[in-house]
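Visitor: Structure in structure tokens, see below.
The values are calculated or read from the model by the stated rules, or taken from the named source; none is laboratory data. Keep in mind it's a predicted model, so treat the numbers as computed, not measured. Glycine gets a Cβ as well: all are built from the backbone with ideal geometry, and neighbour counts include every protein chain shown. The protein model used for the area step is the full one, side chains on, heavy atoms only, and it has no ligands, DNA or RNA in it. Shrake-Rupley method; radii C 1.70, N 1.55, O 1.52, S 1.80 Å.
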Amino acid sequence: MLRRHHSDAAVPTARGGGWPDMLGAVAALGALLGAAALRAVLHTNSDVAWLLTLGEKLLDGQRLYVDLIETNPPASALVYVPAIWVGRTLGIAPERMLDAGVFFVAILSLALTGLLLAPVGMVRGGSWRWLLAASVGIVLLLPNYNFGQREHIALLCILPALAATAVRARGLPLRPSLAVAAGLGLGLTVSIKPHFALAALLPELALLTRLRSLRPLFRAENLVATALAAAYAGAIVAFFPAYLTDMLPLLRDVFLPVHYGLELLAAPAAIFWAATGLWLLLAPKEVRRDPLLLIAYLASAGFLGAFLIQGKGWSYQAYPSVALAFFALAAALSKDPGSAIRVGCTARLALRTACGIALAVLSYQCAVWFGGGRDFAALASAVADLKLQPKLLAVS
């Protein structure tokens, strides 16, 4: 059993009330409705559209890496198959069904995260409504053109696991059902892309350091996640051997050598992560020591590492890092908006204010970056004029 730190013991959640709390609830609903309106006017990301096409062909009986050319591991296509199947059953276009499915997963993820944090007092008083509003905006509005990308889905899957790690960092137990749910989400995240293990590894190291024990490694969440990832690896060997024998050598020789280098440290995501860290470093000690804030920021660092390892510079690969940095900021402000800005000296206050202004500018840059998609709908008619039922393969 994990050791309980009495100084960090759960505290009763204070009852909120009044106009501020009501405004927070309205903001959360507004963010949800705004995200739905955005999905109604934005076209589907081209990468997502292709993976939906792969999923449709898989349901039609074609074989991945044999009949279908795809460089990504199987989970990249398989994760979209449930939405396609449900859409076919209900007569709904796969793009719209995917949007609905991502909304459902986002709501489920935030609900599980709340169930993990609220009972132990890690979300207090009426501030939880504002934290919820920020969270809805982060997971449904911020992705913009990258909505439904694998990184977007991976972030939604890992949020409960990160909340569980923050609770464990206080030496508190979890309900077994919630621990299993968090573990399943973590296992799915790692299965989507192995690089994403970094987002769990850094918070895990912080947890082990805080509790000064290796026993938390064998908690339910990690065991469930490991079992799921191992089952997925076995499924690749059994059902998709061509990925190992044909596609991996191609990726090694052609795809992986083409990447950016240290210039990615100047990407908006990397600068935003650094500015967020400085802003948090200047926060009062009681804010900095909050496990929820620390876990979110370390997970952001892990996803940033995955972005740098992949080395392509595409905005969707940086989205989870930026999103979790926003989560860390939201968690800091939700603790006590007043304490988040109180500092010990004028110079410290000036530096924190300047950093806050820089964060606002960088937030805008990241939002523009994530909205940088292009509409290729006009290309379809142009290609159709060239040949009856044409086929087009693009590597770009």
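Visitor: Using the Cβ atoms and a cut-off under 12 Å, what net charge is assigned to the surroundings of Ala306, where Lys and Arg are +1 and Asp and Glu are -1?
Guide: So the environment of Ala306 carries a net charge of +2.
Visitor: For the chain, what does the relative contact order come out to in percent, with C-alpha contacts under 8 Å and a separation of six or more?
Guide: 20 percent
Visitor: Just subtract the alpha-carbon distance of Leu42 and Ala266 from 0.36 nm times their residue separation and send over the number in nm, one decimal.
Guide: That pair, Leu42 and Ala266, stretches by 77.8 nm at full extension.
Visitor: Using only the alpha-carbon atoms of the range 186-319 as identical scatterers, what base-10 log of I(q)/I(0) does the Debye formula give at q = 0.10, 0.11, 0.21 Å⁻¹?
Guide: -0.45, -0.54, -1.28
Visitor: Still on this structure, please answer the following. For the chain, what % of the accessible area comes from carbon and sulfur atoms, probe 1.4 Å?
Guide: 70 percent
Visitor: Which three lengths, in whole Å and largest first, does the range 72-177 cover when its Cα atoms are put on their principal axes?
Guide: Largest first, the range 72-177 extends 45, 27, 25 Å along its Cα principal axes.
Visitor: Using 0.36 nm per residue of separation minus the Cα-Cα distance, give me the extension gain between Leu386 and Ala25 in nm, one decimal.
Guide: Contour length minus the Cα-Cα distance gives 124.6 nm.
Visitor: Could you give the alpha-carbon Rg of the range 36-85 over 2.2 N^0.38 Å, rounded to two decimals?
Guide: Cα-based Rg divided by the globular estimate yields 1.24.
Visitor: Across all directions of projection, what mean area in square nanometres is found for the Cα convex hull of the range 174-242?
Guide: 5.1 nm²
Visitor: Computed FRET efficiency, Cβ-Cβ of Arg88 and Ala49, R0 22 Å: what is it to the nearest 0.05?
Guide: 0.85
Visitor: Can I ask one more? For the range 245-301, what is Rg from Cα atoms divided by 2.2 N^0.38 Å, rounded to two decimals?
Guide: Scaled against compact globular proteins, the figure is 1.75.
Visitor: Something else about it: If the cut-off is a Cα-Cα distance under 27 Å, which lysines reach Lys193, setting aside same-chain residues fewer than 8 apart in sequence?
Guide: Correct list for Lys193: Lys57, Lys312.
Visitor: Between the range 176-191 and the range 53-91, what is the separation of their alpha carbon centroids in Å?
Guide: Rounded to whole Å, the Cα centres lie 23 Å apart.
Visitor: Here is a further query. How much area per residue is accessible in the range 226-332 when the probe is 1.4 Å and only protein heavy atoms are counted (Å²)?
Guide: Ligands and nucleic acids excluded, the result is 44 Å² per residue.
Visitor: Out of every Cα pair in the range 147-189, what percent are spaced more than 15 Å from each other?
Guide: For the range 147-189, the fraction of Cα-Cα distances above 15 Å is 42 percent.
Visitor: Now for a different question. If I model a spin label at Arg215 and Arg288 as a point 7 Å from the Cα along the Cα→Cβ vector, what separation in nanometres do I get?
Guide: So the two model labels end up 3.0 nm from each other.
Visitor: Would you please give the FRET efficiency between His259 and Leu68, computed as 1/(1 + (r/R0)^6) with r the Cβ-Cβ distance and R0 = 30 Å, to the nearest 0.05?
Guide: About 0.75, to the nearest 0.05.
Visitor: Now for a separate question. So with the 1.4 Å probe, I'd like the accessible area per residue for the range 109-174, rounded to whole Å².
Guide: Heavy-atom SASA per residue in the range 109-174 reads 24 Å².
Visitor: Still on this structure, I have one more. With Rg and the Kirkwood Rh both taken from Cα atoms, where does Rg over Rh land for the chain?
Guide: Value, to two decimals: 0.98.
Visitor: Can you pull a Stokes-Einstein diffusion coefficient for the range 294-336 at 4 °C (1.567 mPa s), Rh from Kirkwood over Cα pairs, as a whole number of µm²/s?
Guide: So the translational diffusion coefficient is about 123 µm²/s.
Visitor: Could you compute the longest span of the chain free of trypsin sites (Lys or Arg not before Pro) located in DSSP loops and having at most 15 other Cβ atoms within 10 Å, not counting the site residues?
Guide: With trypsin sites (Lys or Arg not before Pro) excluded where exposed in loops, the chain gives 64-211 as its longest stretch.
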